[in-house]
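Here the structure is laid out as structure tokens; the discussion comes afterwards.
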Amino acid sequence: MPTVRRVDALPPRTVRNPALTVFPIQPIPMNPVRSVFGILVVSAVSVASALQMAAQVRAIDLDVTPGASGASAAGAYQVSGFEVRSRWSGAVPVPLKKGDLWTPGKQSEVFDAIREAFDSEQSQSYLLDNAGEVGVLYVDVIEEKDEVAHTVNLVFRPLRVHVSLAKIGDNVLPIPRSAAATRYEGVPPALLALQPVLGVTYDRAFGTAIAGGIHNDLLTLPDTLGGRLPVRARPDHLDATFNGSKSFESYYRANAGITYAYRRVGMTLQEMSFGGLYDGTKEPLAGRKHVENSGGAQAGATFRIAAHTRMTFGSGYDHASETLEDDSNRVRTTTEVQRNRLIAESLLPRPIGGFLRAAVWEDNGWSDQAAGFHQRLVGRIGYAREMAIAPNQTIGLELIAGGGRLWGDAPDSRRFFGGNSPGQFLYDNVADDSLLKLPAGPMIRSFGQGEAVGNAPGAARGGDGFWHVNANLTFPIPVWSFPLIPSEEEVRNRLKNGINVSGRNILISTLKNQGMSREDAIAEADRTLDEIRPATEFIIDEANLYSVKPLLMFDAGGLSGGGGSPTWLAAGGGLQLTVVTAKFELGYMHTLSGPTNGDRGNFFVRLVFRNLF
């Protein structure tokens with residue numbers, strides 16, 4: 001019978017990098033039937049002004065001294081077959097063929113080739129420059145030995161833990177993840193260039209809709225469409241985006257934009273941008289149809305306030321043409337809008353932990369059709385945390401609260417209306433349309449979008465003020481989840497060690513080579529690693545490759561003005577599925593109290609495909 005031996009790595013003896021000082025690493029005590037070969041790569045980790053050439057930060061290679069472990073050439077097994085299992089691996093050039101002896105020297109050759117294929121300097125630069133991400137690479141190897149034939153079949157599994165320095169909420173939120181490393185040179189050029197996101201949604205007012213979006217940096221488009229990663233890191237980006245959804249009814253939403261951004265992930269001034277955008281919408285609004293076409297310009301900046309805190313400022317100007325119609329009336333208005341926003345987000349320190357996002361929007365409008373000048377102000381705050389109750393088993397909590405006020409004479413379409421929300425406040429990117437513009441009103445998910453207005457005379461015009469509180473709670477089911485990182489403590493400790501020990505030594509050496517004193521280099525390295533350590537520990541210890549969780553929901557909210565001050569309470573349940581490239585939520589919310597004007601419940605679905613490579 002063939003025997004199976006799992007090899008995660010050979011015991012690393014030294015940290016080797018031609019450009020850096022060599023630091024000895026003590027081997028971890030190991031089970032005699034296992035050996036460990038670690039290829040840990042801490043990619044160009046973000047630092048502040050001292051690392052203004054982040055692309056020059058070298059990979060950290062925890063390598064092996066030949067002969068330190070494994071069989072000698074005389075007793076080596078003969079390779080009967082092998083494969084590399086990863087995402088978009090394509091034809092990985094591995095210096096190995098059937099019949100080769102699986103010696104320590106051959107192992108070192110093969111692992112070096114895999115490292116180069118999955119974590120070259122060019123791919124590190126691409127991740128940091130285009131996605132604002134750094135990563136840790138680890139090669140897991142499974143040996144299937146036939147003792148009779150003295151042969152071995154090898155399965156190589158490159159694993160990578162991603163940490164985002166730009167979208168910090170992604171590090172702790174339950175989003176689709178994969179531990180399998182991507183070989184970016186193997187990704188189809190169109191997929192790499194367009195970075196698509198796809199989805200399906202359902203809401204009782206908007207109906208079933210197909211949604212999608214693409215994003216590309218036009219300055220790197222010739223390279224990516226040609227199947228090549230950009231040659232060098234650059235702070236200049238010309239981002240083109242398109243997002244849209246089309247209902248099987250007559251409704252749709254579409255937005256497109258082009259933005260120039262000067263982006264330096266890790267610096268105090270992380271990004272400056274300006275650009276133009278277009279929005280087109282046809283949506284239900286309190287029994288009427290609202291059509292809007294708008295175009296304008298915007299500018300903004302994102303600051304790195306602290307290790308785990310970002311603050312984004314934005315301002316823009318739009319020209320909007322709107323139509324609001326029902327069976328008997330059709331009203332057209334034109335509004336000039338000057339809008340402003342401030343978004344702050346932070347990964348909170350332990351013992352609180354979790355992700356906090358707060359936002360304030362303010363806009364000033366000048367409308368025709370006797371509406372005149374009006375001003376709107378909305379604030380919203382949200383908090384999310386995955387609370388561990390067992391290894392890779394977490395209770396998920398999400399809380400959102402907000403309110404808004406309108407002053408002056410506004411057309412009906414710019415008043416506040418409650419209902420389900422097309423966006424996700426805690427999950428959406430700060431550059432998404434759902435966070436660029438002021439929210440439409442209270443989130444009451446037992447209604448369709450724009451349906452919650454009350455039933456008093458004049459209520460259909462919407463309100464001039466609102467408030468809301470929302471809560472989600474998810475519970476783990478152990479048999480319906482699987483850890484992102486293999487549960488062996490040795491594998492997880494090796495990944496953490498790559499950041500906490502080896503990564504620190506390499507960063508200190510790099511900073512010293514760039515002219516810092518030893519004391520300053522130590523302080524800067526510790527500050528940088530403090531930024532990514534909590535996120536990596538969560539991803540390594542708690543994140544799941546897939547999970548299915550029951551979902552409990554609660555909403556409370558109210559409107560004021562426009563015909564009374566209705567309030568609502570609603571509760572419901574559903575299911576949340578997160579797996580590799582997709583997140584699926586379905587639920588039903590029932591109105592417990594408050595005016596309904598018909599059906600007291602709303603069934604909704606949201607399926608989003610992302611993380612496609």
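The values are calculated or read from the model by the stated rules, or taken from the named source; none is laboratory data. Everything quoted here is computed from the prediction, not taken from an experiment. Here the Cβ positions follow ideal geometry from the backbone for every residue, glycine too, while neighbour counts run over all protein chains shown. Ligands, DNA and RNA are excluded from the accessible area calculation, which covers all protein heavy atoms including side chains. Shrake-Rupley method; radii C 1.70, N 1.55, O 1.52, S 1.80 Å.
Go through SER413, SER446, SER421 for me and flag whichever is touching a Pro at 6+ places or on another chain (Cβ under 8 Å) and among the small types (Gly, Ala, Ser). One residue alone meets the criteria, SER421.
Flag: ASP129 matches the condition of being touching a Pro at 6+ places or on another chain (Cβ under 9 Å) and modelled with pLDDT under 90.
Look at segment 573-592: where a residue is closer than 13 Å to LEU552 by Cβ and a partner is of a type in the set (Val, Ile, Thr) and assigned to a strand (DSSP E or B), sitting 6+ places away or on another chain with Cβ atoms under 6 Å, you get GLN576/THR474.
One residue is enough: does segment 241-264 have a residue meeting the conditions closer than 24 Å to LEU191 by Cα, in contact with a helix residue (DSSP H, G or I) (Cβ under 7 Å, 6 or more places away or on another chain), in contact (Cβ under 8 Å) with a residue 24 or more places away in the chain and not charged (D, E, K, R)? Looking for residues that are closer than 24 Å to LEU191 by Cα, in contact with a helix residue (DSSP H, G or I) (Cβ under 7 Å, 6 or more places away or on another chain), in contact (Cβ under 8 Å) with a residue 24 or more places away in the chain and not charged (D, E, K, R), one finds at least one in segment 241-264, hence yes.
Please work out if GLY454 is small (Gly, Ala, Ser) and either in contact with a Lys or Arg (Cβ under 6 Å, 6 or more places away or on another chain) or more than 18 Å from GLY316 (Cβ to Cβ) (or both). Yes, satisfied. Scanning segment 580-613 for residues that are among the basic types (Lys, Arg) and either open to solvent by 30 Å² or more (accessible area, probe 1.4 Å) or assigned to a loop (DSSP other than H, G, I, E, B) (or both) gives ARG600, ARG606, ARG610.
So, in segment 423-463, of the ones that are charged (D, E, K, R) and open to solvent by 40 Å² or more (accessible area, probe 1.4 Å), which residue ends up nearest to GLY280 (Cα to Cα)? Step through it out loud before you land on a result.
Of the residues in segment 423-463, the ones charged (D, E, K, R) are 428, 432-433, 437, 445, 451, 461.
Filter once more, so that each one left must be open to solvent by 40 Å² or more (accessible area, probe 1.4 Å): 432-433, 437, 451, 461.
Values: ASP432: 15, ASP433: 11, LYS437: 13, GLU451: 20, ARG461: 22 Å.
Out of the qualifying residues, it is ASP433.
Matching residues to (1) open to solvent by 20 Å² or more (accessible area, probe 1.4 Å); (2) more than 30 Å from PRO349 (Cα to Cα); (3) part of a strand (DSSP E or B); (4) among the polar types (S, T, N, Q):
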site: VAL92; (1), (2), (3), (4): yes, yes, no, no
site: PRO95; (1), (2), (3), (4): yes, yes, no, no
site: VAL110; (1), (2), (3), (4): no, yes, no, no
site: GLY169; (1), (2), (3), (4): no, no, no, no
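Looking at segment 132-152 only, could you name the residues that are surrounded by 17 or more Cβ atoms within 10 Å (Cβ to Cβ) and more than 21 Å from VAL491 (Cα to Cα)? Those that are surrounded by 17 or more Cβ atoms within 10 Å (Cβ to Cβ) and more than 21 Å from VAL491 (Cα to Cα): GLY132, GLU133, LYS145, THR151, VAL152.
From the list GLY450, GLY498, exactly one residue is within 29 Å of the chain's Cα centre (by Cα), modelled with pLDDT of 80 or more and not in a strand (DSSP E or B). Which is it? Steps first, please.
Working: GLY498 fails: modelled with pLDDT of 80 or more.
Of GLY450, GLY498, the one residue that is within 29 Å of the chain's Cα centre (by Cα), modelled with pLDDT of 80 or more and not in a strand (DSSP E or B) is GLY450.
Only residues that are in contact with a Gly (Cβ under 8 Å, 6 or more places away or on another chain), open to solvent by 30 Å² or more (accessible area, probe 1.4 Å) and part of a strand (DSSP E or B) were counted across segment 402-422, and they come to 2. If you scan segment 153-167, which residues turn out to be within 29 Å of LYS549 (Cβ to Cβ) and either surrounded by fewer than 20 Cβ atoms within 10 Å (Cβ to Cβ) or among the hydrophobic types (A, V, I, L, M, F, W, C) (or both)? Within segment 153-167, ARG157, LEU159, VAL161, VAL163, SER164, LEU165, ALA166, LYS167 qualify.
Do we find a residue being under 26 Å from VAL200 (Cβ atoms), out of contact with any Asp or Glu (no Cβ under 8 Å at 6 or more places or on another chain) and either part of a strand (DSSP E or B) or not hydrophobic (A, V, I, L, M, F, W, C) (or both) anywhere in segment 563-570?
Restricting attention to segment 563-570, the residues satisfying the condition of being under 26 Å from VAL200 (Cβ atoms) are 570.
Checking the rest, the ones that are also out of contact with any Asp or Glu (no Cβ under 8 Å at 6 or more places or on another chain) come to none.
The answer is no, given that none of the residues of segment 563-570 is under 26 Å from VAL200 (Cβ atoms), out of contact with any Asp or Glu (no Cβ under 8 Å at 6 or more places or on another chain) and either part of a strand (DSSP E or B) or not hydrophobic (A, V, I, L, M, F, W, C) (or both).
Checking the condition within 21 Å of VAL580 (Cα to Cα), hydrophobic (A, V, I, L, M, F, W, C), under 13 Å from the mean Cα position of the chain (by Cα) and surrounded by fewer than 23 Cβ atoms within 10 Å (Cβ to Cβ), which residue from LEU173, LEU191 passes?
On the way: LEU191 fails: under 13 Å from the mean Cα position of the chain (by Cα).
On inspection, the qualifying residue turns out to be LEU173.
Of the residues making up segment 374-388, those that are in contact with a Ser or Thr (Cβ under 8 Å, 6 or more places away or on another chain) and farther than 20 Å from ASP428 by Cβ number 3. When each of SER72, SER89, SER164 is tested for being over 30 Å from ASP236 (Cα atoms), polar (S, T, N, Q) and modelled with pLDDT under 85, the lone residue that passes is SER72.
Candidates in segment 112-131 are the residues that are surrounded by 23 or more Cβ atoms within 10 Å (Cβ to Cβ) and acidic (Asp, Glu); of these, the one that is nearest to GLU488 (Cα to Cα) is ASP119.
What residue, of ARG350, ARG330, is open to solvent by 50 Å² or more (accessible area, probe 1.4 Å), farther than 22 Å from ARG405 by Cα, without any contact (Cβ under 8 Å) to a residue 24 or more places away in the chain and of a type in the set (Lys, Arg)?
Numbers: ARG350 fails: without any contact (Cβ under 8 Å) to a residue 24 or more places away in the chain.
Exactly one residue qualifies, and that residue is ARG330.
Residues in segment 367-396 that are in contact with a Pro (Cβ under 9 Å, 6 or more places away or on another chain) and surrounded by 14 or more Cβ atoms within 10 Å (Cβ to Cβ): SER367, ALA371, HIS374, VAL378, ARG380, ALA384, GLU386, ASN392, GLN393, THR394, ILE395, GLY396. For segment 301-327, give me each residue that is under 24 Å from THR281 (Cα atoms) and in contact (Cβ under 8 Å) with a residue 24 or more places away in the chain. Answer for segment 301-327, where residues must be under 24 Å from THR281 (Cα atoms) and in contact (Cβ under 8 Å) with a residue 24 or more places away in the chain: GLY314, SER315, GLY316, ASP318, HIS319, ALA320, SER321, GLU322, THR323, LEU324, GLU325, ASP326.
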